[in-house]
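The values are calculated or read from the model by the stated rules, or taken from the named source; none is laboratory data. Here the structure is a predicted model, which is why all the values come from computation and not from measurement. A quick note on method: Cβ atoms are made from the backbone with ideal geometry, for glycine too, and the neighbour counts reach across all protein chains shown.
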Amino acid sequence: MRFVLVFLLFSIALFATPINKCVSVDEFSQSQKEIIAYAYNYGKQYDLGFTLAAIAWHESCAGEYRMNFADPSAGIYHALIPGVIRRYKMLKDTGFNRNVIGELLVRDDEFASKVAIDELMYWDKVRDGNWKNIVKSYNKGFSWEKSPRMNELAENYYRSIKEKKDILESYIPKYLSNIKLKKREPMLSSFSNTSNIKLKKQENDVIEKIRRIEVATLKSDDTSAIKQAKKDKKAIISIYNKNDEETITHEKTITLQPFYTNK
C-alpha cells in the first residue's frame with residue numbers, strides 16, 4: 001500500500017501541469033522583468049513597445065519557455081521557424097537549417113526581436129494601422145479572414161495580448177523604467193565576437209549566409225545608404241554602434257523586404 005501511495009505521488013509530480021509563471025507580473029522573476037523591459041525598449045522606437053512586451057509575456061512567459069516543438073517556433077516571441085527561413089531565399093527548409101534558426105532565435109534576443117518587429121511592421125502596412133487586426137494577423141496571418149475557427153483563435157489571441165498590454169502600460173513606467181538591461185552580444189552583428197559560442201562549422205556557415213543578407217552596418221540611414229543596401233539585396237538594414245565601453249548597441253532596424261508567417 002505504501003509503495004502504491006509513493007508511486008501515485010511520484011506520478012502526480014511527474015505529470016502535473018507546471019506552475020504558470022505568467023499569471024501576474026507581480027510574480028515575475030528579475031530575469032522575466034528584464035526580458036519585458038528589453039522587449040519594450042526594443043519596440044518603442046517603432047511605437048510597438050508595449051505590444052512587443054505583451055507578446056513576449058504571452059508567447060514565452062517573458063523568456064521562460066523559448067521553444068515550442070509542436071509549431072515549431074522559438075525565441076522570446078515564438079517566431080514560426082519555417083516562416084523565418086522563408087525570408088532567406090538562399091536557405092532551404094531543412095531540419096538542420098531549422099535547428100540553426102531555432103538556436104539563433106533562442107540565443108539572440110536581438111535577432112528574435114528584429115523578426116517580430118519585421119512581422120508587426122508588415123501587418124501594420126497590410127492592415128492600415130488597425131492594431132486589433134495587426135495582432136490577429138501576427139498570430140494567424142490571413143487565415144482568420146477565411147475561417148470562423150481561425151478567427152475565433154485570432155480573437156482569443158488579440159484579447160490576451162490586449163489584456164497584457166493594458167497591464168504593462170501601467171506596470172512598465174512604474175516598475176521597469178530604470179531597470180538595467182544586461183549586456184547582449186547580437187550574433188549577427190559584425191561587431192560581435194562569437195568565438196566563445198560553441199558552434200559547428202556548418203552552423204557558422206548558415207549564420208554567415210544570414211549575416212551577409214541580413215546586416216548592413218551603416219554610418220547613416222540616408223537615402224543613398226538605403227539604396228545601396230537594397231542593391232546589395234539586404235533583407236533588413238541593422239544599424240549597430242559600439243561605444244567607449246565596448247558595448248554593442250542596436251540603434252535601428254529598417255525593413256526592406258517584409259515577410260509574414262501563417263502561424
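Return the only residue of N68, N41, N97 being modelled with pLDDT under 85 and of a type outside the set (A, V, I, L, M, F, W, C).
Criteria check complete, one pass: N97.
Residue-by-condition table, conditions (1) surrounded by 17 or more Cβ atoms within 10 Å (Cβ to Cβ); (2) touching a strand residue (DSSP E or B) at 6+ places or on another chain (Cβ under 9 Å); (3) of a type outside the set (S, T, Y):
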site	(1), (2), (3)
H78	yes, yes, yes
I81	yes, yes, yes
D93	no, no, yes
N99	no, no, yes
E103	yes, yes, yes
D108	yes, no, yes
A116	yes, yes, yes
W123	yes, no, yes
R127	no, no, yes
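List every residue pair whose Cβ atoms sit under 9 Å apart, with the two residues 6 or more apart in sequence or on different chains, where the first one lies in the stretch 60-75 and is charged (D, E, K, R) and the second, anywhere, is in a loop (DSSP other than H, G, I, E, B).
Every condition considered, the pairs that remain are E64/K21; E64/C22; E64/S29; R66/G75; R66/I76; R66/H78; D71/H78; D71/K263.
Could you tell me whether Y158 is touching an Asp or Glu at 6+ places or on another chain (Cβ under 7 Å), crowded, with 21+ Cβ neighbours inside 10 Å, at negative phi and at pLDDT 90 or above?
Details: touching an Asp or Glu at 6+ places or on another chain (Cβ under 7 Å): no; crowded, with 21+ Cβ neighbours inside 10 Å: yes; at negative phi: yes; at pLDDT 90 or above: yes.
Criteria not met by Y158.
Let me spell it out: the conditions are (1) of a type in the set (A, V, I, L, M, F, W, C); (2) in a loop (DSSP other than H, G, I, E, B); (3) crowded, with 17+ Cβ neighbours inside 10 Å, and I179 meets all of them except one. Which number is the exception?
Here I179 meets the rest and fails (3).
The conditions are (1) touching a residue at least 12 places away in the same chain (Cβ under 8 Å); (2) more than 18 Å from A39 (Cα to Cα), and S147 fails exactly one of them. Which is it?
(1)
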